[in-house]
1. Among DSSP bridges having both ends in the chain, what percentage is antiparallel? Round to the nearest 5.
2. Could you tell me which of I425, N96, G264 has its Cα farthest along the dipole of the chain towards the positive end, charges placed at Cβ (Lys, Arg +1; Asp, Glu -1), taken about the Cα centre?
3. Suppose the chain between E429 and E328 were pulled fully straight at 0.36 nm per residue; how much longer would it get relative to their current alpha carbon spacing?
4. Quick check: residue separation of N160 and D100 times 0.36 nm, minus the Cα distance between them. What number comes out in nm?
5. If you average over every viewing direction, what projected area does the convex hull of the Cα atoms of the stretch 43-167 give, in nm²?
6. Using just the helices of the chain, give the 222 nm mean residue ellipticity in deg cm²/dmol: DSSP H runs with n ≥ 4 each add -39,500 (n - 2.57), and the total is spread over all residues, rounded to 500.
7. In terms of modelled amide H atoms, which long-range or inter-chain residues lie less than 5 Å from the amide H of S272?
8. When the Cα atoms of the stretch 147-210 are enclosed in a convex hull and the volume is divided per residue, what value in Å³ results?
Amino acid sequence: MEDSRRGFIKKSLAASAAISLGGILPSFDAKSYGNILGANERIKVGIMGVHARGLALAHNYASQKNCEVLYISDVDSQSMNKCINEVEKIQNVMPNAAPDFRKALEDKSLEALVIAAPDHWHAPAAILACKAGKHVYVEKPCAHNPHEGELLVAAARKYNRHVQMGSQRRSWPNVMEAVKAAQNGIIGRVYFGKGWYTNNRPSIGTGKKMEIPSWLNFDLWQGPAPREDYRDNILHYNWHWFWNWGTGESGNNGVHMVDLLRWGMNLEYPISVSSSGGRYRYDDDWQTPDTQVIAWKFPGKKLVQWEGRSCNGRDIEGSSVGVAFYGENGTLVIDGGNSYKIYDLNNKLLKDVKNNYAVDPHNTVDPSKNLDALHIQNFFDGIRNGASLNAEIMKGYQSTLLSLLGNIAVRTGTTLTTDEKNGHILNNEEANKFWKRQYQPGWEPVV
C-alpha cells in the first residue's frame with residue numbers, strides 16, 4: 001500500500017512539473033522532460049558574461065522550472081546589476097553577484113557554469129569550471145585557438161564533466177529532422193555542402209585610447225589575452241573583429257552553419273583547408289575578414305564551403321543565414337530558422353517544412369528563445385540523467401576547429417594540408433604558429 005502511494009506521488013510530481021515546462025517549451029511532449037525534475041530539485045547555475053547574449057541566456061535559464069540562476073558574473077558592473085535585477089523578476093530569487101566568476105566556482109552548491117563572455121575566455125573559463133567540478137554550457141566558438149580547444153576536451157574527460165556547446169540548432173526539432181533526412185539519403189549521396197552568413201555591419205572607426213570606465217574591470221576582461229590599451233571601439237561587441245580577443249565572422253556565426261554541414265554530411269576532420277578574404281568594405285580598425293570564403297576538402301570526395309559577408313546583407317536561398325546540402329538526387333536547404341526545403345535536380349520543390357517558432361537570424365542577442373530552451377533542457381538531462389548531449393564538447397570542438405583552420409589559412413595566405421585523424425596542420429611552420437596563442441603571463445590554461 002505504501003509503495004503504491006509513493007508511486008502515485010512520484011507520478012503526480014512528474015506530471016505537474018512537465019505541465020509547468022509546457023509553458024516554457026511550447027508544443028513539447030509533457031512526458032519528455034518530466035523525469036528531469038525528480039523531487040523538484042533545481043539545477044543551480046552561474047552565468048558568466050551577461051551584457052548581451054549572456055543576458056538573453058540568463059533570462060532563458062531563469063525561466064526554466066528546473067533551474068535556479070545562483071550567480072551572475074561580469075566585469076561590467078552595470079551589466080551585472082541589470083542582469084541580477086531582471087533574473088530576480090523571473091525566478092523570484094535574487095542571484096548572487098560574483099564579478100570574478102572564479103569566486104562563484106568556489107561554491108560547492110553551484111552545479112554548472114554558463115559562459116557567454118568574449119571568445120578568448122571561452123575555453124580558459126570552461127577548463128577552470130571543469131577543474132572546479134562544474135558542468136559547462138559554453139557559447140560558440142568553444143575556443144579561441146585549436147590548442148585550447150583540445151585542452152577543453154581533455155578537461156571534460158579528465159574531470160568527467162558534461163560540457164555542451166551553444167550550437168543550439170542541434171536541438172531544434174525540424175533541423176534535427178532535416179539532418180537525419182540528409183544522412184539517410186533523401187537526396188542521395190551528399191558530396192557538397194555550402195553555408196553562409198550575411199549582414200550589413202557598419203564601420204567601427206578608428207579607436208581612441210581613453211581612461212578605463214569606472215564600471216569596467218578591463219584587466220579581468222582581457223584575462224588570458226596579452227594586454228592592450230583600452231580604446232573606445234572595443235566594447236561591447238566589436239572585440240569580435242580583433243584577433244587578440246575574437247575569431248571574426250567565421251567564429252562568430254560561421255561555426256553554427258559549419259556545424260550543421262559537418263553533422264549532416266557525417267564529417268570529422270578535413271584533409272585540406274583554403275580561404276580567401278579580407279577587410280574590404282571599410283578602412284578602419286577591424287582586423288578580421290568582413291568578406292571571406294572558406295573551403296574544406298574531406299575524405300570520400302566531399303567538399304564544404306562557407307561564405308561570410310559581414311557588410312553586404314544580400315540573402316542566399318532567401319535567407320541571410322543557412323546551409324544547403326547538394327546530393328546526387330537533389331538539394332536540401334535549411335535556412336536560419338527551424339525549417340527546411342527539399343528540391344529535386346530540376347529545382348522542383350518536393351518538401352517544405354515550415355518554421356513553427358519565431359526566429360530572427362539578425363538578432364545577435366536572442367534570436368530563438370523557445371528553441372534554445374530545448375538545448376538547455378538537453379544539457380540538464382545530461383547532468384541529471386546522463387543523457388547524450390546534442391552538442392557535446394568534442395562535436396563542438398570539431399566544428400569550431402574548421403572555422404579556426406579557415407582563419408589560419410586566410411591569415412597565412414596558404415592552403416593547409418591537415419591530418420584527417422585529428423585536424424592538425426601538416427608541414428606548414430608558419431601556419432602552426434597560429435595553432436596556439438600567446439597568453440598573458442600567468443594566465444595560460446592548464447588541464
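1. 60 percent
2. Value: G264.
3. That works out to 32.5 nm of additional length.
4. So the extension gain works out to 19.2 nm.
5. With the hull built on Cα positions only, its mean projection is 6.6 nm².
6. On the way: 12 runs with 144 residues, N = 447.
For the chain, the value works out to -10000 deg cm²/dmol.
7. Result for S272 returns K297, T418.
8. Here the figure is 257 Å³ per residue.
The values are calculated or read from the model by the stated rules, or taken from the named source; none is laboratory data. Small disclaimer: the values here were computed from a predicted structure and weren't measured. Here Cβ is always computed from backbone atoms with ideal geometry, including for glycine, and neighbour counts include all displayed protein chains. With ligands, DNA and RNA removed, areas are computed over all heavy atoms of the protein, side chains included. Shrake-Rupley method; radii C 1.70, N 1.55, O 1.52, S 1.80 Å.
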